[in-house]
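Heads up: the structure comes next, in structure tokens.
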There are 2 protein chains.
Amino acid sequence: MLAHRLIERKRDGGRIEPGEWRALIGAYAAGHIPDYQMAAFLMAAYLRGLDRAETVALTDAMLASGAAFDLAALAPARVDKHSTGGVGDKVSLVLAPLVASLGVVVPMMSGRSLGHTGGTLDKLEAIPGMRTDLSLAAARAQLERVGCVLMGQTDEIAPADRRLYALRDATATVESVPLIAASIMSKKLAESLTGLVLDIKRGSGSFLPDLERGLELAHTMIAIAADRGCETVALITAMDRPLGRAVGNALETEEAIHALRGEGPPDLMAVTYALGAEMLVLGGAAATRDEARRRMEVAISSGRAAEKMQAIIEAQGGNPAVVDDPAVLPQAEACELYEAPRSGFVARVEPRAVGRGVIALGGGRTRMEDTVDPTVGFVITVKPGDWVNAGEPLATVFARDDAGIAAGRAALADAIRIADEAEHPLPLISHRITAAGATRYEPNDDPPAP
Amino acid sequence: MLAHRLIERKRDGGRIEPGEWRALIGAYAAGHIPDYQMAAFLMAAYLRGLDRAETVALTDAMLASGAAFDLAALAPARVDKHSTGGVGDKVSLVLAPLVASLGVVVPMMSGRSLGHTGGTLDKLEAIPGMRTDLSLAAARAQLERVGCVLMGQTDEIAPADRRLYALRDATATVESVPLIAASIMSKKLAESLTGLVLDIKRGSGSFLPDLERGLELAHTMIAIAADRGCETVALITAMDRPLGRAVGNALETEEAIHALRGEGPPDLMAVTYALGAEMLVLGGAAATRDEARRRMEVAISSGRAAEKMQAIIEAQGGNPAVVDDPAVLPQAEACELYEAPRSGFVARVEPRAVGRGVIALGGGRTRMEDTVDPTVGFVITVKPGDWVNAGEPLATVFARDDAGIAAGRAALADAIRIADEAEHPLPLISHRITAAGATRYEPNDDPPAP
């Protein structure tokens, strides 16, 4: 009766009260409400929307369905980053050890690749022996010892969200800003965070391509976090082209290791530093973003960030030698250069086409049950706006066999468009959003020296 | 993949093509699409709507999920009536034998009571021995012999509709005009009809209280039927008060038998004649509605309509003596008069309250699994607009015991409102809708004699 009444109310555009959200989510998690009723409710919520208070209440209800870290005694500041996901986005693998190496506790819970976007867990598991399925107790112990953990969402955290997400995936109710915000925040808030940085991707390769909806998502998540005392800053970053050069699990891990050693591609470093500066200021490890940036540069040049990565890998059963010698990573059987079919400007490197190419190579998932091949993928060395000559190498395809090479070449032919005119790519980092509002992003926040 | 794609399209307000409807409904009926995906689709369809072509295609798809009568060889004209349901609506029990007695084949498939509305099958089954669960083959044989059958929807007819209806009931997606229209018409069209008359109820006791939505439903069903070559006429009739005097299964059957013998209450006879006139004209048994009405009056006064009812009852295993002696029907253990608590005008006889009263007495259903007591109910002898004196009998309660009498009295106290001023009830029959459009209802269609 409860479910029917709430479906009806949401269908007609009404509000669900906090106690009703708790009852609904609690009953669903306990198996007392069938999937078909929840599916109808989700579609009504998708089409009718949730207001801010409803989104907070749904988040709280999903959070309450599971356990949570209690890290208050461990360190006064715990800061994490969340990205809405993209192609070539290996920022977490650089950022978490980098920020942790500067004394901020980073309890990072990540996901797996699905569809055209990659997932941090799959990239980490390319490292021989590396485990990401840690219990909350094991993760807590590692945080105490190492100051950082890179783990998957355990069964203990927000189980209602996991069931709901699987149902949304099957019922075309994923792309709803309040449902996305509540899903993400129910997991992030379980980490007992004092600060959170959001990387909201915009552009054709992102989950919510439209800037307006990205800003709406940022504002919604900031409000939910504020309700729980977790200060949150969001940056809007470009996903109209892949981030960095490598796309594919082991290839991205290798690129992240290079970045930790100061050899990362400029766009990857710029996004990492921008997000890291916010984390360090939120975590109290730097007074300003400029100071934070200088400290990060030192952490990288000194090798301290790379050492923290080694410690994390070692703690999670992986082979720490990978940080000094990325050749420890599994290697593709076949690789081949992809050359420019004509001269001109690189007009587009379409991230969805690249992501679908990784799936075609066996390195991604169309369903959660699929297994991924860590070795396959692309290294794309050109960016939109570059001039290229016919026959010049644009990328390398890494595949299992000749059929994979052919599939990879076809994907690149689809993804990389060369034209007579350059197109304007999106600004790499365009907006910064805090509880006070959204402003155009400026990397420096210090007043000029007198 | 198909289901996800179609959910997404309908969610975004797009159209589903006829081949896609067939694939969707076929896969659902075969168990290849889970209920949760169909539930999300139904909510999207509820909120986004279906256009006329989509509604026709959905009807065809549900019809195609099962078997159908093939009656073309049996008689050139087959005509049925469908009512959207109400309280005290025993028209089918009078109309079917009456029209069949005048030579039109009536393959009538009916439903059971649910919620505050009654169901023809429950009323028929009050007759000792009467069976309504006929196979298509048995029903066809009876149509050939008797020209009329009064049966339930068999498992063979539109099984996809039955599954979908149960899912809609659980997911608050029932009250959608295109979904209602497709559900009704998928069953009616399986009867191989050449003509159909719709009784669309309006007012507080009806399924769609609002006139506008009733008209929309009529237009939609007429268009679906036209697509299949079944000419359809709809009348809008009043359901702001019960129809006739009796409410409750055996009590209504008794009233219907009286009506077949020319002793029916005026409102029941008026609606029966109006619908019957349309059926006889559609069935070719009368050239005009006036002629049809005269023929019906003769069929009743001559006893021919009552004889047809006897033949139908006998063919379906019931005791035909009931037509001559309604005391053959099961009788309530207890009965008591309900008197006017004050003098005044009868302002309202609220049909939903009366229908809920029948449920409280054990004569209705809140769930399909409930069994019904045929004996209980009410005979309400006053109509809105009547002047009554305090202490004057307004109704009789028929119940199982003293507790039932008390519950019945409470229901009547709630349902019958006496006030200083009379209210204006809805016109008994207000609109007539054909493929050409809707007009105000006029009982006579003949030009005046010269």
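The sole residue among A:286, A:340, A:360, A:270 that is more than 25 Å from residue A:204 (Cβ to Cβ) and either modelled with pLDDT of 95 or more or open to solvent by 20 Å² or more (accessible area, probe 1.4 Å) (or both) is A:286. Among the listed residues B:277, B:234, which satisfies the condition of being touching a strand residue (DSSP E or B) at 6+ places or on another chain (Cβ under 6 Å) and surrounded by 22 or more Cβ atoms within 10 Å (Cβ to Cβ)? Unique residue meeting the criteria: B:234. Out of all the residues in the range A:49-59, is one or more within 14 Å of chain B (Cβ to nearest Cβ) and either of a type in the set (Ser, Thr, Tyr) or farther than 28 Å from residue A:100 by Cα (or both)? Yes, some residue in the range A:49-59 is within 14 Å of chain B (Cβ to nearest Cβ) and either of a type in the set (Ser, Thr, Tyr) or farther than 28 Å from residue A:100 by Cα (or both). Anything in the range B:415-450 that is modelled with pLDDT under 95 and among the acidic types (Asp, Glu)? List them, or say none. Answer for the range B:415-450, where residues must be modelled with pLDDT under 95 and among the acidic types (Asp, Glu): B:421, B:423, B:442, B:445, B:446. Looking only at the range B:17-48, count how many residues are within 14 Å of chain A (Cβ to nearest Cβ) and more than 22 Å from residue B:170 (Cβ to Cβ). Counting residues in the range B:17-48 that are within 14 Å of chain A (Cβ to nearest Cβ) and more than 22 Å from residue B:170 (Cβ to Cβ) gives 0. Exactly one residue out of B:182, B:158 is in contact (Cβ under 8 Å) with a residue 40 or more places away in the chain and either in contact with a Gly (Cβ under 7 Å, 6 or more places away or on another chain) or assigned by TED's automatic domain parsing to the domain that holds residue B:42 (or both): that is B:158. Just one residue in the set B:132, B:117, B:154 is of a type in the set (Ser, Thr, Tyr), closer than 27 Å to residue B:263 by Cβ and at pLDDT below 95; that residue is B:117.
The residues in the range A:314-340 that are small (Gly, Ala, Ser) and under 28 Å from residue A:394 (Cβ atoms) can be counted, and the count is 4. The single condition among (1) within 23 Å of residue B:328 (Cα to Cα); (2) free of Cβ contacts under 8 Å to residues at least 60 places away in the same chain that residue B:153 does not satisfy is (1). Could you count how many residues in the range B:159-178 are more than 17 Å from the chain's Cα centre (by Cα) and within 14 Å of chain A (Cβ to nearest Cβ)? Total satisfying the criteria: 11.
Look at the range B:392-408 and say how many of its residues are more than 18 Å from residue B:372 (Cβ to Cβ), of a type in the set (A, V, I, L, M, F, W, C) and surrounded by fewer than 20 Cβ atoms within 10 Å (Cβ to Cβ). Qualifying residue count for the region: 1. The residue that is least open to solvent (accessible area, probe 1.4 Å), counting only those in the range B:27-62 that are acidic (Asp, Glu) and closer than 14 Å to residue B:178 by Cα, is B:54. Does any residue of the range B:380-393 turn out to be in a loop (DSSP other than H, G, I, E, B), under 23 Å from residue B:333 (Cα atoms) and among the hydroxyl-bearing types (Ser, Thr, Tyr)? For the range B:380-393, residues in a loop (DSSP other than H, G, I, E, B), under 23 Å from residue B:333 (Cα atoms) and among the hydroxyl-bearing types (Ser, Thr, Tyr): present. When A:11, A:112, A:22 are screened for being basic (Lys, Arg), surrounded by fewer than 22 Cβ atoms within 10 Å (Cβ to Cβ) and not assigned by TED's automatic domain parsing to the domain that holds residue A:239, only A:22 passes. Restricting B:79, B:99, B:105 to residues that are open to solvent by 10 Å² or more (accessible area, probe 1.4 Å), more than 14 Å from chain A (Cβ to nearest Cβ), in contact with a Leu (Cβ under 7 Å, 6 or more places away or on another chain) and over 20 Å from residue B:174 (Cβ atoms) narrows the list to B:105.
Among the residues of the range A:184-203 satisfying the criterion of being over 23 Å from residue A:160 (Cα atoms) and under 16 Å from the mean Cα position of the chain (by Cα), which is surrounded by the fewest Cβ atoms within 10 Å (Cβ to Cβ)? Going through the qualifying residues, I end up with A:203.
The values are calculated or read from the model by the stated rules, or taken from the named source; none is laboratory data. The shown structure was predicted, so the numbers you read here are calculated from the model rather than taken from an experiment. Heads up, the Cβs are rebuilt from the backbone with ideal geometry, glycines too, and the neighbour counts pull from every protein chain shown. SASA here: full protein model, heavy atoms, side chains in, ligands and nucleic acids out. Shrake-Rupley method; radii C 1.70, N 1.55, O 1.52, S 1.80 Å.
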